[in-house]
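Note sheet for the following structure.
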Amino acid sequence: MAFDRDAGSERDTGPVIPIALILLAIVILFCVAVVVSNPVAVTLSVFGLEIPLQTPAVFFTGAATMLVTIVALWLLRVGVRRERARRKELKTLKKAAKADAKATAATSTAATGSTASGSTASGSTASGSSAARPPVDSGPVVPQQSATGQAGIPPAGARQTGDGPTTTAADREALLAEVDDATRDDPPR
């Protein structure tokens, strides 16, 4: 059964808080009882090293170890959730990049006047020539000089102008694939 975080605000927590307080009181009483009633000295052997300790020290060492274990498991849980969310976001971005690439391809195909087969019904493009026009190349992307003189960094509050994004959908998809390969935990299949 999954825990619904949104429904938690509407859920009645009634006996949970008093039960937690009672359990904490029992733990505190037990710790005091261990310290007061067990003054016996024991010797622990750790990696061949013998350490003389009182019984309460052994008890609190175990409690500290348990606390570290709980924190480690909590951190592991948080890390797994973040990784799952990151992978889900990356998958969504890949889908969006593919859809953007398809839309860009469809737009460029429509702009040249060709149909899905590469020509119109009469055997030529809309401009009347029988050869398809090559895509327009705007040349390399050059970073714009800002008012402060730093290349590629616009001044604060400035809007960038131009014909559109500086990267194409294919470039974004390649970057996403590169990031996915670099952060992949699983070995390639």
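L53 versus (1) modelled with pLDDT of 90 or more; (2) surrounded by 10 or more Cβ atoms within 10 Å (Cβ to Cβ): which is the lone unmet condition?
(1)
How many residues are modelled with pLDDT of 90 or more and among the hydroxyl-bearing types (S, T, Y) when one looks only at segment 69-126?
2
The values are calculated or read from the model by the stated rules, or taken from the named source; none is laboratory data. Keep in mind it's a predicted model, so treat the numbers as computed, not measured. Here Cβ is always computed from backbone atoms with ideal geometry, including for glycine, and neighbour counts include all displayed protein chains.
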